Amino acid sequence: MNEKKKEVKLCGCLIRPVAVGRTAIYAAGGHIHRTSRVVAVHEQTEDMVHFETSAAHYHLSMTPSPLAAANPVPVTLAACA
């Protein structure tokens, strides 16, 4: 029986490079996630990665969401003594 794998699409960032045979670790939604072992890397660019585990296909967009881009976090500089 050939079951269709779950499709996971999200915005986040990789904690370490994706490699076949290793778990993928990424941050998304304010949490750190670890997948099962990667069985294939289908596509990887500067701003996205598509990889596959035994349970799912992951599509991770590493570009900021439109809301985050429109409302950047304010940064203040501290003076050095």
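Here are some notes:
- Residue list for the stretch 39-80, restricted to those being small (Gly, Ala, Ser), outside any loop (DSSP other than H, G, I, E, B) and either at pLDDT 60 or above or surrounded by 13 or more Cβ atoms within 10 Å (Cβ to Cβ) (or both): 40, 56, 61
- Selection status of residue 16, basic (Lys, Arg) and at pLDDT below 95: yes
The values are calculated or read from the model by the stated rules, or taken from the named source; none is laboratory data. Since we're looking at a predicted model, the values are computed, not measured. All Cβ positions, glycine included, derive from the backbone under ideal geometry; neighbour counts span all protein chains shown.
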